[in-house]
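First up is the structure itself, then whatever we jot down about it.
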Amino acid sequence: AMDVSKYRKDFPILNSDDSPIYLDSACMTLRPQAVIEAITDYYTNYPACGGRSVHKLSWQVTENFEMARDSLRRFMGAESSSEIVFTKNATESMNIVANGLNLTKGDEVLTSDKEHNANVVPWHHLAKHKGIKYDVLPAKDNYFFDTEALKERLNSKTKLFSFVHTSNLDGHTNPAKEIIEICHDKGVKVMMDTAQSAPHQDVNVVDLDVDFAGISAHKFCGPSGMGALYGKFDELKNLIPTYVGGSTVVNSTYKDYKLLPPPSCFEAGLQNYAGAIGSGAAAEYVMNIGRDNIHEHENKLNKLMTKELSDVESLNLVGPSDVNQRGGIFSFNLDGWDPTEVAMHLDEEYNIAIRSGMHCVHSWFNSRGIEGTARASVYLYNNEEDVLSFTNAIKESIDNRK
């Protein structure tokens, strides 16, 4: 088993007098000292520009920036660092692909029905402004992916199937390998939103054979406003960059310009060097602990949480009933409570941090007429004490309200 007490020491916020019981890692993870130090190190010891100047500091920036890219390459299981583009977040990664595919009127994009807004709104946007057709594949039994329906739904007009690997709504992981195989058999490209899967389990883009995948660093102990886009090199070469400018070109004149190959052509202007270097440090930190270990640990905590609350009659779980299907996420509603009321009460009375609302999966909730959920989510630094504090607080809150 994982020695959680050892890892907890790495997180400054968990070692103060008024440390919160933090159960909102599906939204954003806490950051360990190693990541904070990597960022501070850049700003303190080599606060220069990479790639342009020839002095020592500049070389150091470039070297650490590219080392961070390689850390993310290994984090995703990609073959070449040229297949990793630094972005602001997974949302930007999805948009780079959405805009870069040069989709035109009549082209179709299909997604699952449990997508984050990052994988819904770009398609609505293209439907509105470019006349593409955006369609949603319904679920099987409300929560599960329907592979048979996918086989029937894909056609010659389908240019892309884009789906969430692990849902941030209920923690359920879709059968990615099978989905990708079905799509490729029909000649359809595939993009994956791995923001909620890569931090919690080993993801290998080569093994999965996926064409594109997006991640956000703030979901795996990295800085905010940093992410990456993985793309097969040949697929990236065919994408039209959304933003261009300095650092994206070999040369330019008043008449013409010549773009650099990927990933540079997608990284316009001055980059967030500190953020990239911090993201690399975060990927290393998480890989060092081992994502299989993290997955097992989260499952153990979710089992305890589920067991402790299983006989609370006024609690309704949202998501698959089998706890093994829900990763580290426990999404629920309490009869007579608004989800936000639950979250505010836990924060004010117990110093427990959870999330409430629609978790940016508005389309799923709206289609089912549900106002949202309260959501507790665990990560590598949570322990059984955190879980029991939460479950006892829920029971006590219900009793006090009677």
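Scanning region 121-159 for residues that are touching an Asp or Glu at 6+ places or on another chain (Cβ under 8 Å), surrounded by fewer than 18 Cβ atoms within 10 Å (Cβ to Cβ) and closer than 20 Å to P320 by Cα yields P138, A139, K140, T147. Residue count for region 328-355 satisfying the condition of being within 24 Å of I13 (Cα to Cα), open to solvent by 30 Å² or more (accessible area, probe 1.4 Å) and touching a helix residue (DSSP H, G or I) at 6+ places or on another chain (Cβ under 8 Å): 4.
Of the listed requirements (1) under 14 Å from V164 (Cα atoms); (2) assigned to a loop (DSSP other than H, G, I, E, B), T91 misses just one: (2). Do we find that S80 is exposed (fewer than 15 other Cβ atoms within 10 Å of the Cβ) and touching a residue at least 12 places away in the same chain (Cβ under 8 Å) in this structure? Spelling it out, S80 is indeed exposed (fewer than 15 other Cβ atoms within 10 Å of the Cβ) and touching a residue at least 12 places away in the same chain (Cβ under 8 Å). Annotation note: Cβ proximity below 6 Å between a residue of region 373-389 that is under 18 Å from C27 (Cβ atoms) and basic (K, R) and a residue that is open to solvent by 10 Å² or more (accessible area, probe 1.4 Å) and not in a helix (DSSP H, G or I) (sequence gap 6+ or interchain) occurs for R375/R355. Confirm whether S162 is open to solvent by less than 20 Å² (accessible area, probe 1.4 Å), over 19 Å from I294 (Cα atoms) and outside any helix (DSSP H, G or I). Yes: the conditions hold for S162.
Among residues of region 337-350 that are touching a residue at least 60 places away in the same chain (Cβ under 8 Å), those with a beta-carbon under 9 Å from a residue that is open to solvent by 60 Å² or more (accessible area, probe 1.4 Å) and not basic (K, R) at least six positions away or on a different chain give the pairs Y350/N392; Y350/E396.
For the structure I just gave you, tell me whether D202 is assigned to a loop (DSSP other than H, G, I, E, B), under 30 Å from P32 (Cβ atoms) and open to solvent by 40 Å² or more (accessible area, probe 1.4 Å).
On the way: assigned to a loop (DSSP other than H, G, I, E, B): yes; under 30 Å from P32 (Cβ atoms): yes; open to solvent by 40 Å² or more (accessible area, probe 1.4 Å): yes.
Judged against the criteria, D202 is a match.
Annotation: T104 fulfils all but one of (1) surrounded by fewer than 13 Cβ atoms within 10 Å (Cβ to Cβ); (2) at pLDDT below 95; the unmet one is (2).
Out of curiosity, is K189 open to solvent by less than 60 Å² (accessible area, probe 1.4 Å), among the basic types (K, R) and within 21 Å of the chain's Cα centre (by Cα)? Here the answer is no, as K189 does not meet what is asked. Once region 13-61 is narrowed to residues that are in contact with a Cys (Cβ under 9 Å, 6 or more places away or on another chain) and in a helix (DSSP H, G or I), the residue that is farthest from S264 (Cα to Cα) is A34.
Taking residues in region 22-39 that are under 13 Å from F11 (Cβ atoms), and partners anywhere that are modelled with pLDDT under 95 and assigned to a loop (DSSP other than H, G, I, E, B), not one pair has Cβ atoms closer than 8 Å while being at least 6 places apart or on different chains. Among the candidates E296, E284, the residue that is surrounded by fewer than 22 Cβ atoms within 10 Å (Cβ to Cβ), among the acidic types (D, E) and closer than 17 Å to I36 by Cα is uniquely E284. Taking residues in region 243-271 that are over 18 Å from G231 (Cα atoms) and surrounded by 13 or more Cβ atoms within 10 Å (Cβ to Cβ), and partners anywhere that are among the charged types (D, E, K, R) and at pLDDT 95 or above, the pairs with Cβ atoms closer than 7 Å and at least 6 places apart or on different chains are S247/E267; V249/K258.
Residues that are crowded, with 22+ Cβ neighbours inside 10 Å and within 19 Å of V318 (Cβ to Cβ) within region 357-402 comprise H359, V361, W364, T373, A374, R375, A376, S377, V378, V387, F390, I394, listed in sequence order. Selection of region 299-324 for residues being surrounded by 15 or more Cβ atoms within 10 Å (Cβ to Cβ) and closer than 30 Å to L72 by Cα yields N299, K300, L301, N302, V323.
The values are calculated or read from the model by the stated rules, or taken from the named source; none is laboratory data. This one's a predicted model, so the numbers in the text were calculated from it and none came from an experiment. A quick note on method: Cβ atoms are made from the backbone with ideal geometry, for glycine too, and the neighbour counts reach across all protein chains shown. Quick note on the areas: whole protein, heavy atoms, side chains included, nothing else; ligands and nucleic acids left out. Shrake-Rupley method; radii C 1.70, N 1.55, O 1.52, S 1.80 Å.
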